[in-house]
Amino acid sequence: MKATGVHALMDLVARHRVVAVLAFLLVFPLLMPYEALAVNILIFGLYAVGFNLLFGYTGMLSFGHAAFLGVGSYLTGMSIVHAHLHWLLAIAVGVAAAALVGLLIGHLAIRTRGIYFSMVTLALGQIVYFAFYKAESWTGGENGLRGVTVAPFEVLGLRVDLTNPIAKYYFILGFVALALGLVSRILASPFGAVIEAIRENEKRALACGYDVARSKILVFVLSATICGLAGSLRALHLSVVPIDSLHYLQSGQAVMMCLLGGMGTFFGPFVGAAIFLYLEDVVTSLTRHWMAVVGAIFILFILFFPRGVWGSLMARWQRSATREPSSPAVEQSGPA
Amino acid sequence: MNGRAASDILIEARQVSQRFGAFQALSDISVQFRAKQLCAIIGPNGAGKSTFFNILSGSISPSAGSVWFKGQDITGLAQHEYARHGIAKSFQITNVFKQLSAHENVRVAAQMRHARFDFFNPRARLSAVASQADALLERVGLAHLRNRSAGDLAHGQQRALEVAMALAAEPQLLLMDEPTAGMSPEETVVMMGLITQLAAERTVILVEHKMKLVMGICQTLIVLHHGQLLAQGSPDEIRANAEVRRVYLGQG
């Protein structure tokens, strides 16, 4: 095989994966029982993609990512409720705050590795939870923040009314599309290669001359920023910010979504989020014991799809493409 | 010292000592390594070879003393800085990026000199890096395995891959910790041949406990024993050294 041929092909896949996912997401609400579920999947898909940047690509398992989702939600919500900011500015405030909290938490947490890293992120995430819980006059405490409403507005001559679920879906899709494009570029960049190298072997990445600590902080902040955007959009979607946004169960959901879909793949987290939320929607209408059912389903998926649903599909596709019995190597920009 | 030009010295340890708690792993080692030489650090198990290797390669910084590279004090620099100064290493235990292809392993290593914090441009556009990786795979005899996962390669092939990765940084100094550890006799011969070739263009420092292996190909030998510098010199001088014969050769 010619090297240039492979690179051209991979380049093509790398460019088209975003187009492919967007084409699918454009018709997605038609496939769902109702639009709010589609919006939820969009938002949590983005959240899981942001989380996967750290977990699947860099190999760092954070249990504190609810902090970024929640901070994004709260700061956007508070900007609208208390400061009456323009919605776009409110989103910017939420995302910037999540990035800043990511910088602080990342700076402390990356000094540790493995389970200690997970525990430190969990603990710092809980600190953020209690800080927002206690700041009742600003955040509404355990009742959450209410009244995050945006009056109908015009974008590029189009009137957007966020109380219309379909309009809301496409409004949010615009932001998700931008974020996915950005993540895709990052993963295909030289920096994307460095974080994968760090996941594979930190010692060797250091010996190669890469500043592992700095790379880890950067990817942590990027991941927090993406999750913060998901949180911001969620505040606009729900019109309230529930205190649960910051709860560690929310952090755990990111892990489950990534594992269900396939960690370290581009679409995997999105697929995982879709499966998780769709099942939740179906099962909660049948029984109150949703968590017991999801536990069983999760175990089944881990047993039969250890690489996640999307990851297993990708592996099968690559095997048949290369006709190699061994596990396929990750080439250039990685699998879609 | 015997009046060598200072510019000829590539890396130098000055009165390096290392303590681990109460254990004195190295005491007061001063050694100079000249440019474009193949040099081996030898000694029985526990002599302090690996500790000395780790200090030269920047994995640990010494309790006392300093390391100088091209006339510059590099003691205590971060490990990735060593690589950027032109010091590369291969580990005693193979360290490759197992899930990545052989080509991507070398490509990432070669990319360091071109783009470290580039978030936005497709890495596929760095075609010079990709072709350098291919050339290096060719050189260590792995070109036919370029798309295979590094973790699927045989042990000897992984070690060769590691050498290609170390070379990708175009180092002036290549440090190798027991490069033939765990290799078959055939693989050992190939590796020693490769090392000899590499030393023609740059300084190579090996840590080795199989003395016979390095006697024939090294210009200089450093003998450590109980954390002290026992002797240094050409293979002939080392062979003739009564002290070395007593502690080392005597044991077989």
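The values are calculated or read from the model by the stated rules, or taken from the named source; none is laboratory data. Computed from a prediction, not measured in an experiment: that's the story for all the values here. Neighbour counts run over all protein chains shown; Cβ positions are idealised from the backbone, glycine included.
Residues of segment B:166-184 being over 15 Å from B:GLU81 (Cα atoms), assigned to a helix (DSSP H, G or I) and within 12 Å of the chain's Cα centre (by Cα), which ones? B:LEU167 - this is the single residue of segment B:166-184 that is over 15 Å from B:GLU81 (Cα atoms), assigned to a helix (DSSP H, G or I) and within 12 Å of the chain's Cα centre (by Cα).
Could we say that A:THR121 is in a loop (DSSP other than H, G, I, E, B) and within 29 Å of A:GLU202 (Cα to Cα) here? Here the answer is no, as A:THR121 does not meet what is asked.
Of all residues in segment B:111-121, those satisfying the criterion of being at the interface with another protein chain (Cβ under 7 Å from one of its Cβ atoms) and either assigned to a loop (DSSP other than H, G, I, E, B) or touching a strand residue (DSSP E or B) at 6+ places or on another chain (Cβ under 8 Å) (or both) are B:MET112, B:ALA115, B:ARG116, B:PHE117, B:ASP118, B:PHE119, B:PHE120, B:ASN121.
Among the conditions (1) under 24 Å from A:ALA96 (Cα atoms); (2) surrounded by 22 or more Cβ atoms within 10 Å (Cβ to Cβ); (3) at pLDDT below 95, A:THR225 misses just one, which is (3).
When B:VAL108 is tested against the conditions (1) over 23 Å from the mean Cα position of the chain (by Cα); (2) within 7 Å of another protein chain (Cβ to nearest Cβ), the lone failure is (1). Can you pull out the residues in segment B:138-158 that are of a type in the set (Lys, Arg) and either within 11 Å of chain A (Cβ to nearest Cβ) or under 17 Å from A:ALA197 (Cβ atoms) (or both)? Of everything in segment B:138-158, those that are of a type in the set (Lys, Arg) and either within 11 Å of chain A (Cβ to nearest Cβ) or under 17 Å from A:ALA197 (Cβ atoms) (or both) turn out to be B:ARG146, B:ARG148.
A:LEU162 meets the conditions (1) outside any strand (DSSP E or B); (2) surrounded by fewer than 17 Cβ atoms within 10 Å (Cβ to Cβ) in every case but one. The failed one is (2). The selection criterion, being aromatic (Phe, Trp, Tyr) and more than 29 Å from B:LEU100 (Cβ to Cβ), does not hold for A:PHE220. One residue alone among B:SER50, B:SER66 is among the hydroxyl-bearing types (Ser, Thr, Tyr) and at pLDDT 95 or above, and that residue is B:SER66. Filtering segment A:158-199 to residues that are in contact with a helix residue (DSSP H, G or I) (Cβ under 7 Å, 6 or more places away or on another chain), more than 10 Å from chain B (Cβ to nearest Cβ) and of a type in the set (A, V, I, L, M) leaves A:VAL160, A:LEU162, A:ILE166, A:ILE172, A:LEU173, A:VAL176, A:ALA177, A:ALA179, A:LEU180, A:VAL183, A:ILE195. In this structure, is B:SER101 in contact with a Lys or Arg (Cβ under 7 Å, 6 or more places away or on another chain), crowded, with 19+ Cβ neighbours inside 10 Å and hydroxyl-bearing (Ser, Thr, Tyr)? So B:SER101 fits the description; yes.
Restricting segment A:200-217 to residues that are buried (at least 19 other Cβ atoms within 10 Å of the Cβ) and either in contact with a Cys (Cβ under 7 Å, 6 or more places away or on another chain) or over 15 Å from B:ALA83 (Cα atoms) (or both) leaves a set whose member that is nearest to the other protein chains (Cβ to nearest Cβ) is A:GLU200.
If you go through segment B:89-105 and pick out every residue that is facing another protein chain (nearest Cβ under 7 Å) and either among the β-branched types (Val, Ile, Thr) or in contact (Cβ under 8 Å) with a residue 60 or more places away in the chain (or both), you end up with 3. When we screen B:ALA130, B:ALA124, B:ALA135 for residues that are assigned to a helix (DSSP H, G or I), more than 8 Å from every other protein chain (Cβ to nearest Cβ) and within 25 Å of A:PHE191 (Cα to Cα), the only hit is B:ALA135.
Of A:GLY147, A:GLY94, A:GLY141, all but one fail to be closer than 20 Å to A:LEU53 by Cβ and touching a residue at least 24 places away in the same chain (Cβ under 8 Å); the exception is A:GLY94.
The residue of segment B:72-87 that is nearest to the other protein chains (Cβ to nearest Cβ), among those that are touching a helix residue (DSSP H, G or I) at 6+ places or on another chain (Cβ under 7 Å) and modelled with pLDDT under 95, is B:ALA83. In a residue-by-residue description of segment B:162-184, the property of being without any contact (Cβ under 8 Å) to a residue 12 or more places away in the chain and within 14 Å of chain A (Cβ to nearest Cβ) applies to no position. Only one of the numbered conditions (1) under 24 Å from B:LEU230 (Cβ atoms); (2) not in a strand (DSSP E or B) is violated by B:ILE29, and that is (2).
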